[in-house]
Amino acid sequence: MSSSPAATAREWVASRSWDRFVGSPESAVLDVKSGVYPLDDPAGTGELIKDVAAFANSRGGLLLVGFGTRVENGREIIDELKPVPARLVDVDRYRKLVRDRVRPLVRDLSIDFYPVDDERGVLVIDIPSQPETAKPFVVPGPDGRKTPTAVGVPIRDADATHWLSHDGLQRLLSTGWNAVGGPRADIIDALNKAVAAAVPAFPKPAHPEVGEGAGRQRRNFTTAYAAGGGQTALGYPTQPVAAVGPGLIQPLAGRDGAPGPVMTVLPDRGGAVVPGDIWEDLCEAGNAADTETAISNVGLPSAPATTSLLIRADAQTVELEGGRWGPGRLAQVSPGGRLLWRPHTSRDFEMHHNNFATGELTELYLRAVLDVTWQSWKYRPQSLPVAVRQRHRDLLTESGLAAHMSKLVHRHTEEVVAPAWNLASGSDSNHSAISSHVRAQITPPDGPPVVTANSVLQTGNWRSPSSVLATVDLGTNLRPLPKLHRPLNPGSMQAMRSRLSLVDLVDSLVAMWEAIVSLPEALEPDFMRLPYAAPPFVVFYIHAGTAARDAGDEGVAHQLNLPDVLDLTPLGDGPHDVSRTQTGLRIVGPFEPDRAARQRLVADSLNDLALSWGFLTADVNGLLSN
């Protein structure tokens, strides 16, 4: 540097040569910050006036707000320009705080904001060298919030700032600041030791380094820490980095020792800074007493691969990944409420529930099973009141499932009359202390039911971890239906049976989906605001049943295959013999998609199933668009 480090730094500021600072170390005359001082926080205000007074008590210097640093051999090295938002910088407020709280007045102090682009810039606080006769500069001490008259003397020592103890300040004042020409290194060392011994609340707390124990991921922690404002804004680490769930975390604490934010890093992701309140919501969302299990369930915040994620304290959505529960997010589902885990809707073919029919098996049998588990579910194991059973019936009446049943039967009528839903009765009903059974059916005057729908709503009990289990079953005898689809080969025993089209199959499954996701309202009207204890899902089963016999038929009932009840010809060339009697799919997170998204998810799943059976040109979505 030419004349002096401080003079050269001032030249670079005057010429806006910000890139020339990169690679320079912090020093006794240069200090940088990556984030603005949080002036609404007493700790942030105290940090500002302490830094200004420390430079004033030494040889002066520059404070630059808008640069990031890295640690090399124990020294802070400026490694990038990180302009701060102009909207966060109130220059007049900075000037007033320093003028009001640093004594005596710092002469020729300048505080200016230099724009880098339309929205960001660098805040420069230039503290010129002060006359020795003006020293020491004092500020409200570290305990000034409790005792406003208490003062402290900050001193810049190399690239750090230290406080003089009360005893040290008294000795210096009694000896005469001018007589000693300012504190020598040995005096500073002695005073630091005195502070540690006599004033335990003042020393810089011993704590692990940022990213300590993270190995190759350490840089992600240090980068996120700097992006979040460093120690001034975030506090200091309370423990080394620990492996929790799918990634690494390091908790922070403020100057008063209170819990602060938590930094997290996922594999192949940058670091994230999670505010303390949101971290608590994240742990509670995982439905476990210990943090490890809770985070393993829901995952950690998903930061970009190359940059840090700074989560706002008032964030209403936080994307998560890596959890056992699958892709999801934290979301605020009620104003002012805590963030709850919500799954992203996905599909798969994991089917674990029983697929037995309610009532008599028909030629085509469709079943939907809804499984929802909430934290601290109140009904277990109470008996269902009558009002719940009536509401169960009313919710199905309000759904479009009964109208869909009527359309399947009365294809050529302009006015569709939906069958009524009623509480099931008789020997084949499934009412119990914890279950409700509702039924609707279309029965011609001269024959058995053509289409029957059954729904059972059951609350969890001591044998089931689920809060709510609900089923909607749709059974159809195809022979009496209008012959809108090509029959099987003439001469086969089922030559006159209609087959359901794939479009009708998708519509049926979607109608059942829309009906079943409304049913928890019978037990808890505000169920969408409850915290989940596991991912909710709907499983769909598709069964080929037994052939319905005409009056006078004799012999044993014939088991049908899926091609006997579903028209698969639009799928194109495929296997000549699909000897499957059933199949199915599962939807995780079934409550949020709209009707179009539900149709697409069901169609995509059926398309994948058809491909797995050998229909290599299958395009169910194409059928739906026609």
Mind checking which residues of the stretch 224-263 are among the polar types (S, T, N, Q) and touching a strand residue (DSSP E or B) at 6+ places or on another chain (Cβ under 6 Å)?
238, 250
So, residue 227, is that one over 17 Å from the mean Cα position of the chain (by Cα), surrounded by 17 or more Cβ atoms within 10 Å (Cβ to Cβ) and in contact (Cβ under 8 Å) with a residue 60 or more places away in the chain or not?
yes
If you scan the stretch 531-540, which residues turn out to be not in a loop (DSSP other than H, G, I, E, B) and not β-branched (Val, Ile, Thr)?
532, 537, 540
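Quick check: is even one residue across the stretch 512-530 in a strand (DSSP E or B) and either modelled with pLDDT of 95 or more or open to solvent by less than 30 Å² (accessible area, probe 1.4 Å) (or both)?
As a first pass, look at the stretch 512-530 and keep what is in a strand (DSSP E or B): none.
Looking for residues that are in a strand (DSSP E or B) and either modelled with pLDDT of 95 or more or open to solvent by less than 30 Å² (accessible area, probe 1.4 Å) (or both), one finds none in the stretch 512-530, hence no.
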Find all pairs meeting these conditions: Cβ atoms under 7 angstrom apart; at least six residues apart or on different chains; first residue within the stretch 513-542 and closer than 19 Å to residue 326 by Cα; second residue among the hydroxyl-bearing types (Ser, Thr, Tyr) and open to solvent by 10 Å² or more (accessible area, probe 1.4 Å).
532/373; 533/373; 534/373
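This table checks each residue for (1) within 22 Å of residue 255 (Cα to Cα); (2) of a type in the set (A, V, I, L, M).
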| site | (1), (2) |
| --- | --- |
| 53 | yes, yes |
| 68 | yes, no |
| 77 | no, yes |
| 81 | no, yes |
Out of the stretch 399-410, which residues are part of a helix (DSSP H, G or I) and touching a helix residue (DSSP H, G or I) at 6+ places or on another chain (Cβ under 9 Å)?
401, 402, 403, 404, 405, 407, 408
Answer with yes or no whether residue 305 is assigned to a loop (DSSP other than H, G, I, E, B) and within 25 Å of residue 222 (Cβ to Cβ).
yes
Checked 451, 417, 386 against criteria (at pLDDT 90 or above and open to solvent by 30 Å² or more (accessible area, probe 1.4 Å)); the one match is 386
Is it the case that residue 273 is touching a strand residue (DSSP E or B) at 6+ places or on another chain (Cβ under 8 Å), under 21 Å from residue 589 (Cβ atoms), surrounded by 15 or more Cβ atoms within 10 Å (Cβ to Cβ) and of a type outside the set (Lys, Arg)?
no
Could you list, in sequence order, the residues of the stretch 288-302 that are closer than 16 Å to residue 331 by Cβ and part of a loop (DSSP other than H, G, I, E, B)?
302
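Can you report the number of residues in the stretch 276-301 which are on the phi > 0 side of the Ramachandran plot and open to solvent by 20 Å² or more (accessible area, probe 1.4 Å)? Step through it out loud before you land on a result.
First pass over the stretch 276-301, keeping only residues on the phi > 0 side of the Ramachandran plot: 287, 299.
Checking the rest, the ones that are also open to solvent by 20 Å² or more (accessible area, probe 1.4 Å) come to 287.
The qualifying residues number 1.
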Would you be able to tell me the number of residues in the stretch 230-258 that are of a type outside the set (A, V, I, L, M), without any contact (Cβ under 8 Å) to a residue 60 or more places away in the chain and open to solvent by less than 40 Å² (accessible area, probe 1.4 Å)?
5
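The values are calculated or read from the model by the stated rules, or taken from the named source; none is laboratory data. The shown structure was predicted, so the numbers you read here are calculated from the model rather than taken from an experiment. Because the Cβ atoms are built from the backbone with ideal geometry, glycine has one as well, and the counts that use them run over all protein chains shown. Heads up: the accessible areas ignore ligands, DNA and RNA and are worked out on the full protein's heavy atoms, side chains in. Shrake-Rupley method; radii C 1.70, N 1.55, O 1.52, S 1.80 Å.
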